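Working notes, beginning with the structure itself.
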Amino acid sequence: MKAMLIAGARPNFMKIAPILAELDRRGFESVLVHTGQHYDHDMSGSFFEQLGIREPDVHLGVGSGSQAVQTARIMEAFEPVLLRERPDWLVTVGDVNSTMATALVAAKLQPELGCGIAHVEAGLRSGDWAMPEEVNRVLTDRMSDLLLTPSPDAKPNLLGDGVPEDRIVFVGNVMIDTLLANVERARALDFPATLGLDGHYALVTLHRPSNVDEADALETILKGLGEVAREVDVVLPLHPRTRGSVERFGLESMLEPLRVRPPVSYLEMLSLMDGAAAVLTDSGGVQEETTVLGVPCLTLRETTERPVTVSQGTNRMAPWPLTVDGIVTAAREALATEHAAPGSRTPDGWDGRAAQRIVDALERAARAGTAGRDDTP
Ligand code: UD1
């Protein structure tokens, strides 16, 4: 069995690391393709270093651009790679543009190549079609032969979209494999102390287009964070998209009350999350990671595609629409909430063995000859 793994943007790297290691451990051939959607050391290189991911076999170097330009560049650069390598499986993770663009190339070439498409993190839905990630999720699932789900809420979403049940396999959350394997290293780093933070600080991440691409929305959030910063330290590792917006809208002065930093590495982030009194975020992955760490999380979005982090975990949704007062009140509540014992709120299958189950499923389906079949729903 030959599997091609796609890594494009920051949240992909912690998901592919354990799958690649498991393929290696079992002696399966793998090809690692980095699309280059994220390209600088802070957003990409540091993750490869810390997680011990080997150099990509192929680097497409597409960089950034509008949604269409980035997607098109990935497709154009990826097609010859797929034609040359002819893997049995394309394994594509998450919901970023690289996920969908590579699946679309493989789907179009399927009659010729017979390459199966496996989607890791299948079936998550925010129900918000204005999110580029939601479009990516729905389309990738529609094109996939093997839908590998991270939580029990995913399967009904897929069945509702007409996906045949025998293509859906519950494997659990592979990103948590990486978290559990690295949490002790992260704790040993004690990154908050190196920043002079005591235990009572709020950690913030912010990069969703709906929050940062419009001046009013971004201003409301930064004002709210400024108010919170009167009471506790607010640490904000600033995503490049958000930094760009702050500069474009002239909002630099609103960052002054906050402890703004460049994007942090994986272990630094884990250490910061673990030590925070509460985390405020619009990231999907951070909602999951705080749940496993037992840290209260406030999600600054209207919807979440990860409802299990609310029903079983430590996540709560901010009152919507976001207002300065709403953010401050909800942040105070989150900051006053006790941490759960780490692992006490962990959903099923978030146990550090998802990569094993993913490779089992790939192997089983390859044996049964169900990779790349042409009876799509
Ligand atoms: C992308 C994903 C999002 C994911 C996020 C995590 C899509 C549609 N979005 O959003 O789902 O949660 O990554 O970070 O795929 N930039 C740099 N250096 C880099 C990478 C990007 O400066 O290494 C800049 C780009 O030039 C661009 C901005 O950041 O101006 C946004 O990058 P982009 O890839 O368009 O999307 P993200 O907002 O990062």
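Tabulated data
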quantity	calculated
Wholly enclosed helices (runs of 4 or more DSSP H) of the stretch 289-377 bearing at least 1 residues open to solvent by 10 Å² or more (accessible area, probe 1.4 Å), of a type in the set (S, T, Y) and at pLDDT 95 or above	308-311, 324-336
Flag for R208 being out of contact with any helix residue (DSSP H, G or I) (no Cβ under 8 Å at 6 or more places or on another chain), farther than 30 Å from G349 by Cα, basic (K, R) and within 14 Å of the ligand (Cβ to nearest atom)	no
Flag for M75 being assigned to a helix (DSSP H, G or I) and touching a residue at least 40 places away in the same chain (Cβ under 8 Å)	no
Some residue of the stretch 78-91 being under 21 Å from M14 (Cα atoms), touching a helix residue (DSSP H, G or I) at 6+ places or on another chain (Cβ under 9 Å) and within 12 Å of the ligand (Cβ to nearest atom)	no
Selected residue (criterion: nearest to the ligand (Cβ to nearest atom)) from residues of the stretch 266-277 that are closer than 23 Å to P209 by Cα and open to solvent by less than 10 Å² (accessible area, probe 1.4 Å)	Y266
Residue that is nearest to the chain's Cα centre (by Cα) [pool: residues in the stretch 106-120 that are under 18 Å from E76 (Cα atoms) and open to solvent by 10 Å² or more (accessible area, probe 1.4 Å)]	A107
Only listed residue being hydroxyl-bearing (S, T, Y), in contact (Cβ under 8 Å) with a residue 60 or more places away in the chain and open to solvent by less than 10 Å² (accessible area, probe 1.4 Å), chosen from S144, S126, S151	S151
Verdict on P257 being over 21 Å from H339 (Cα atoms) and within 12 Å of the ligand (Cβ to nearest atom)	no
Complete set of residues in the stretch 281-301 that are away from the ligand (no atom under 16 Å from the Cβ) and over 23 Å from N182 (Cβ atoms)	L298
Among the candidates R306, R241, R301, R332, residue that is within 27 Å of D190 (Cβ to Cβ) and of a type in the set (D, E, K, R)	R332
Pair list, Cβ < 8 Å and 6+ apart or interchain, from the stretch 286-312 residues that are touching a residue at least 60 places away in the same chain (Cβ under 8 Å) to residues that are in a strand (DSSP E or B) and β-branched (V, I, T)	V286/T205; V286/V279; L300/T281
The stretch 47-72 residues that are in contact (Cβ under 8 Å) with a residue 60 or more places away in the chain, paired with ones that are within 9 Å of the ligand (Cβ to nearest atom) and part of a helix (DSSP H, G or I) (beta carbon under 8 Å, 6 or more apart)	F47/R10; Q67/N97; Q67/P132
Residue check, S30 polar (S, T, N, Q) and surrounded by fewer than 20 Cβ atoms within 10 Å (Cβ to Cβ)	no
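The values are calculated or read from the model by the stated rules, or taken from the named source; none is laboratory data. This is a predicted model, so every value here is computed, not measured. All Cβ positions, glycine included, derive from the backbone under ideal geometry; neighbour counts span all protein chains shown. For the accessible areas, the whole protein counts, side chains as well, though only heavy atoms, and no ligand, DNA or RNA atoms are used. Shrake-Rupley method; radii C 1.70, N 1.55, O 1.52, S 1.80 Å.
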